[in-house]
Each structure stands twice: as structure tokens, then as C-alpha cells.
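Encoded as C-alpha cells, the structure appears first; notes follow it.
The values are calculated or read from the model by the stated rules, or taken from the named source; none is laboratory data. Just so you know, these numbers come straight off a predicted model, no measurement behind them. Cβ placement follows ideal geometry from the backbone for every residue including glycine, while neighbour counts extend to all protein chains displayed. In case anyone asks, the SASA skips ligands and DNA or RNA and just uses the protein heavy atoms, side chains included. Shrake-Rupley method; radii C 1.70, N 1.55, O 1.52, S 1.80 Å.
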Amino acid sequence: MPTFAAFMKDTYNTIEKEAVAEYKDRGSRFLAYAFPIQTAEDFKKRWKALKEEHPKAVHHCFGYRLGFDMNNFRAGDDGEPSGSAGKPILGQIDSKGLTNTAVVVVRYFGGTLLGVPGLINAYKTSTTLALQLTRILQKPVLVEYELNFDYTLMNEVMLIVKRFGCVVLENEMQLFCRTKIGVPKADEDSCLKQLKELHSLDVRKVN
């Protein structure tokens, strides 16, 4: 079982941007696409697009991991022998301690059967090559809060948001404002303390 350094406390590791790598074995081509995701829907859209981009490929295998509790993951063999594709793909994501990361490996069959050990090696190697081509980023774990306040408090609210490196996720600015922010977990207590000192500001944690 991997140690998952990415899931420790206040930060996590993910990849910066999409990367593509190719691996060949006895005529078969394996194109590995590694890309960052935020939701399972993000993955499904990219997987569908890759299947449309490579309609003549025989397999579109994948693995992904989402979130910070180590429980949101999937691996798919897409017709390859059970455990020969999705599992080694996910294994390489996990070996680097990554989350919010997906890899799809597209296979073009070359006419020679590789056997289960050969398939495991091909899917593992192609995934490794793709992950080596994109930078690993350490990002803060964000806790979401909704802020409701009078427009006259906008400057004070935004000063605190900026001071603690919060991310503005949604912002409705009218006479009465509603803003959703992601607060870095490491600074959650300090940030909330300052926000709650603002008169008439309503702070609610988003489930």
C-alpha cells in the first residue's frame, strides 16, 4: 500500500498540465495521456474525447485518483485482461503520491500478443513516461466557505481573502454580496477568526 505523501495534512501533490508519451512493444503502440482533474466528470469528458480522437485504437485504459481521503479512485482495463492495464496505471499515479490526476493509455494493437506480464509493463512504463513530462505541483488543501455580507464590507473582506491566500470560487456582487472562497487548510483558523470579527458578515462552511 502506498504511503500517499500527497494526502498529509494541509497540502497535496498533482500535475501541472497534460502530457503525452508513447511506448512501443512488438508492434503495439501505447499513447499515455496524463492530465489534472478536479472531478470525475472532468475525467469522463477527457476520456470520451480521447476515444473520439483515437477511434481505431483497440483499448482506452485508465486510472485516476481524486480528493484527499485516498478513497476516490478508479481503474479500467477496457477489454484487456483483468488487472493488466488499469491497475498498473493507477499504481504509477499512487507511487508518486498524486491526486486529482488521471492517465488514459490508448493502445493500438500491433498483431503480437504481449501476455499479461508484457501488458503490465507496457501500461506501467507508458504511464511513467507521461508523468515524467509534466511538473508535479504541491498545492494547499482548500476548505470551502460561503460569505454573505453588505457591499460596504467588500474591501475589508477581500483584504483578508488576499492576506491568507484564499481562492475566490464564486462571487455575486450586488448591494448584498455572496462569495464562495477556498481557505487554505493550514490557515483556516486564523482566517476565520479575522472574518468573524467583521460586523454583520455571515460565514458558513460548505459541505
Going through the range 168-180 in order, the residues found to be more than 19 Å from the chain's Cα centre (by Cα) and touching a residue at least 24 places away in the same chain (Cβ under 8 Å) are Leu175, Phe176, Cys177, Arg178, Thr179, Lys180
Please give the number of the condition Ser84 fails out of (1) under 14 Å from Glu22 (Cα atoms); (2) touching an Asp or Glu at 6+ places or on another chain (Cβ under 7 Å). (1)
If you check Leu142 against the conditions, is it touching a residue at least 40 places away in the same chain (Cβ under 8 Å), touching a strand residue (DSSP E or B) at 6+ places or on another chain (Cβ under 6 Å), open to solvent by less than 60 Å² (accessible area, probe 1.4 Å) and on the phi < 0 side of the Ramachandran plot? no
Can you list residue pairs whose Cβ atoms sit under 8 Å apart, with the first residue in the range 101-116 being in a helix (DSSP H, G or I) and the second being open to solvent by 10 Å² or more (accessible area, probe 1.4 Å)? Count only pairs 6 or more apart in sequence or on different chains. Val116/Pro81; Val116/Gly83
Some residue of the range 146-167 being buried (at least 17 other Cβ atoms within 10 Å of the Cβ) and part of a strand (DSSP E or B): yes
State whether one or more residues within the range 146-167 are under 29 Å from the mean Cα position of the chain (by Cα), at positive phi and not β-branched (Val, Ile, Thr). yes
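Which residue, of Phe43, Phe68, Phe62, Phe73, is touching a strand residue (DSSP E or B) at 6+ places or on another chain (Cβ under 7 Å), under 16 Å from Leu129 (Cα atoms) and either touching a residue at least 24 places away in the same chain (Cβ under 8 Å) or not acidic (Asp, Glu) (or both)? It would help to see each step written out before you state the result.
Working: Phe43 fails: under 16 Å from Leu129 (Cα atoms); Phe68 fails: under 16 Å from Leu129 (Cα atoms); Phe73 fails: under 16 Å from Leu129 (Cα atoms).
Unique residue meeting the criteria: Phe62.
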If a residue must be open to solvent by 60 Å² or more (accessible area, probe 1.4 Å) and either outside any helix (DSSP H, G or I) or on the phi > 0 side of the Ramachandran plot (or both), how many such residues does the range 117-139 contain? 5
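Restricting to the range 188-207, give me the number of residues that are within 23 Å of Gln138 (Cβ to Cβ) and surrounded by fewer than 17 Cβ atoms within 10 Å (Cβ to Cβ).
Total meeting the criteria: 2.
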